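A quick write-up on the structure given underneath.
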């Protein structure tokens, strides 16, 4: 694609963005077959929504019982859940190669 054509495409995206109210970056992603921000976030999620809900219920049940869980233990619990998911027989194998959860 020539530089002149690229400028024209960018200009038309900017014009469409102003007329429709859709951000130009969204128009660009749609035109270039990129995943939406929501789809990309869903694919990067460490726990499935069901696993996340189970973890939340467990934490709330502990807190209601008078044993609030320190935040620093949440990552290790998430890692245990993922290891359980990855195991065929649902037995935790410490040698199983599973990436630990990130800091965010």
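The values are calculated or read from the model by the stated rules, or taken from the named source; none is laboratory data. This one's a predicted model, so the numbers in the text were calculated from it and none came from an experiment. Cβ atoms come from the backbone with ideal geometry, glycine included; neighbour counts cover every protein chain shown.
List of remarks:
- Top-ranked residue in the stretch 40-83 [being loosely packed, with under 10 Cβ neighbours inside 10 Å and part of a helix (DSSP H, G or I); ranked as modelled with the highest pLDDT]: 64
- Matching option when the condition is free of Cβ contacts under 8 Å to residues at least 60 places away in the same chain, under 23 Å from residue 16 (Cβ atoms) and more than 21 Å from the chain's Cα centre (by Cα), among 38, 31: 31
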